[in-house]
1. How many angstrom separate the Cα center of the stretch 282-297 from the Cα center of the stretch 163-184?
2. How big is the gap, in Å, between the Cα center of the stretch 206-230 and the Cα center of the stretch 314-338?
3. Going highest first, how would you order 126-138, 178-190 by mean Cβ packing within 10 Å?
4. GNM on the chain, C-alpha springs below 10 Å: top fluctuator among 213, 225, 29?
5. I'd like the distance between the alpha-carbon centres of the stretch 77-135 and the stretch 145-160, rounded to an integer number of Å.
6. Give the peptides 111-122, 305-316, 232-243 in descending order of average Cβ contacts within 10 Å, highest first.
7. To the nearest 0.05, what FRET efficiency results for residue 2 and residue 69 with a Förster distance of 22 Å applied to their C-beta separation?
8. Specify whether the C-alpha gyration tensor of the stretch 1-152 places it in the rounded, prolate or oblate class, a ≥ b ≥ c being the square roots of the eigenvalues: rounded for a/c under 1.5, otherwise prolate if a/b is larger than b/c and oblate if not.
Ligand code: KG4
Ligand code: ZN
């Protein structure tokens, strides 16, 4: 059968996105970020986010259709993030998708945002189930065994902050631009990771759970004691702090991955694979740490291209196609679920 053409919508956090995906081809993927709207507030403001999503969704959809060179009548399925996330934003997307579905009679599929991230490696790499997924973003950090498009087994996750959130807070502490991950990574490249020794939380405990909030406190202390000693931070200090901080996150993620792999490999998968997704998967040092751990057990390592790692609607469209193929159909009663574990 001809592959389905799916329109995807995403508005669960601070990116408004629409995309058209046909089979494994991304025909278009439009993302309007809101970073500048929230910059002055030191974090995403839910009301501002919801308003911006409501304003931008229509034009985002129009642009995605135009770039894909298709009309609404060419769309077989409309997929929308229906949770988890900020309720106002998720509602904006769900309302928009329902309106389009009702007006055109096109089937509607509600998608879990996390499933969108977790299924991305099947869009880009044809990955077979079961694979091990490390989802690391600004809001999430968990190890999942993906058994099917609607079947994920959680092995562990963060008990406090997500790494992306930690990177963002670190950047704020050091006066670097948001989003913090790319800023800290750029600084870390110039820095010496051995100068400051940051803690590796929870490594002494069994299992795959992680913690990042103590790391943030350790960074704050190191910064303040340097500032007290010298009256301020040099560029060298900032680079070294970033390098040490990033190395701690890299090491914790690598060690917990080593443990998650033990559980996963016990399933004797035919082609063992670790896939990463989420914005933090863009970090090259972290990727390097994960690659090294995979090499130890002959596990394949795959990471989607950066534009599909961070929030986007192509992953929602693709996940929607997978769920539609399994028979999922939603209607105008589809509701927004701000909390929705996989
Ligand atoms: O997946 P995503 O776009 O949104 C969420 O669902 O959270 O991830 C955004 C997060 C931000 O916290 C950002 O700082 C982080 O991903 N990030 C990075 C890098 N690029 C983005 N963290 C570390 N290194 C990077 N290069
Ligand atoms: Zn996300």
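1. Cα centroid to Cα centroid, the span is 21 Å.
2. So the separation of the two Cα centres works out to 40 Å.
3. Working: 126-138: 21.8, 178-190: 19.6.
Per-residue mean Cβ counts within 10 Å order the peptides as 126-138, 178-190.
4. Answer for the Gaussian network model of the chain: 225.
5. The stretch 77-135 and the stretch 145-160 have Cα centres separated by 17 Å.
6. Numbers: 111-122: 26.6, 305-316: 24.2, 232-243: 18.2.
Descending mean neighbour count gives 111-122, 305-316, 232-243.
7. On the way: r = 17 Å, r/R0 = 0.75.
Efficiency at R0 = 22 Å is approximately 0.85.
8. Oblate.
Taken together, the values in this text are just the output of simple stated rules run on the coordinates, not laboratory data. Everything quoted here is computed from the prediction, not taken from an experiment. Please note: Cβ atoms are built from the backbone with ideal geometry, for glycine as well, and neighbour counts cover all protein chains shown.
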